[in-house]
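Student: Below you'll find the structure I mean.
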Amino acid sequence: MAQHQLDCSICTRLKTVRDDPAFITETATGVAVMGSQWFRGYCVFLCKLPATELDELPPDFGRDYLDDMARLAQAVRAVVQPHKLNLELLGNIVPHLHWHIFPRRLDEEHPLKPVWLCMPPDYEEAPHAFDATRDAPLRDAIRVEFEC
Ligand SMILES: [Zn+2]
């Protein structure tokens, strides 16, 4: 069974994430950040508790975490207007709960494939990495839509 890592990169990131240009917003349950922009509008919703499975969360917190993720997904959908959203809760590499929200477009090279089979190995590097100059307007639009 996957265990929460002692050197968890998400726990480390949560300590300073509000100063990160990729920071979108936060709720009582999680923090939303922009990710690599290989898929335009892609963001991640980091759980504030160091759990690795949804059923480890206190029930009320777990429901609120799912509701907050759904609200973030709705905000991304309203701003990016994708053909489809792909929502993924994996944790195979970093078990700490975090949702991936991927907007998908029909004009992608492989629109029917799972996201992880579409991205090149360097999807987190320039020019796909979050770029505050280029991506701040998109980040801000998602924040405004989420907070409406
Ligand atoms: Zn963690």
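Taken together, the values in this text are just the output of simple stated rules run on the coordinates, not laboratory data. Keep in mind that this is a model prediction, so the values were computed, not measured. All Cβ positions, glycine included, derive from the backbone under ideal geometry; neighbour counts span all protein chains shown.
Student: So which of 102, 45 is closer than 17 Å to residue 124 by Cβ, among the aromatic types (Phe, Trp, Tyr), touching a helix residue (DSSP H, G or I) at 6+ places or on another chain (Cβ under 7 Å) and touching a residue at least 40 places away in the same chain (Cβ under 8 Å)?
Tutor: 102
Student: In the list 33, 76, which residue meets the criterion of being outside any helix (DSSP H, G or I) and β-branched (Val, Ile, Thr)?
Tutor: 33
Student: Regarding residue 86, is this residue polar (S, T, N, Q), loosely packed, with under 12 Cβ neighbours inside 10 Å and not in a helix (DSSP H, G or I)?
Tutor: Numbers: polar (S, T, N, Q): yes; loosely packed, with under 12 Cβ neighbours inside 10 Å: no; not in a helix (DSSP H, G or I): yes.
It is false that residue 86 is polar (S, T, N, Q), loosely packed, with under 12 Cβ neighbours inside 10 Å and not in a helix (DSSP H, G or I).
Student: Scan segment 113-126 residue by residue and report those that are surrounded by 10 or more Cβ atoms within 10 Å (Cβ to Cβ) and not in a helix (DSSP H, G or I).
Tutor: Residues satisfying the conditions are 113, 114, 118, 119, 122, 123, 124, 125.
Student: If you take the residues of segment 42-52 that are within 15 Å of the ligand (Cβ to nearest atom) and not aromatic (Phe, Trp, Tyr), which of them is nearest to residue 6 (Cα to Cα)?
Tutor: So, considering only residues that are within 15 Å of the ligand (Cβ to nearest atom) and not aromatic (Phe, Trp, Tyr), the one nearest to residue 6 (Cα to Cα) is 50.
Student: Go through segment 53-100 residue by residue and tally those that are at positive phi and within 16 Å of the ligand (Cβ to nearest atom).
Tutor: 1
Student: Which residues, taken from segment 1-28, are within 14 Å of the ligand (Cβ to nearest atom), in a loop (DSSP other than H, G, I, E, B) and not aliphatic (A, V, I, L, M)?
Tutor: 3, 4, 5, 7, 8, listed by residue number.
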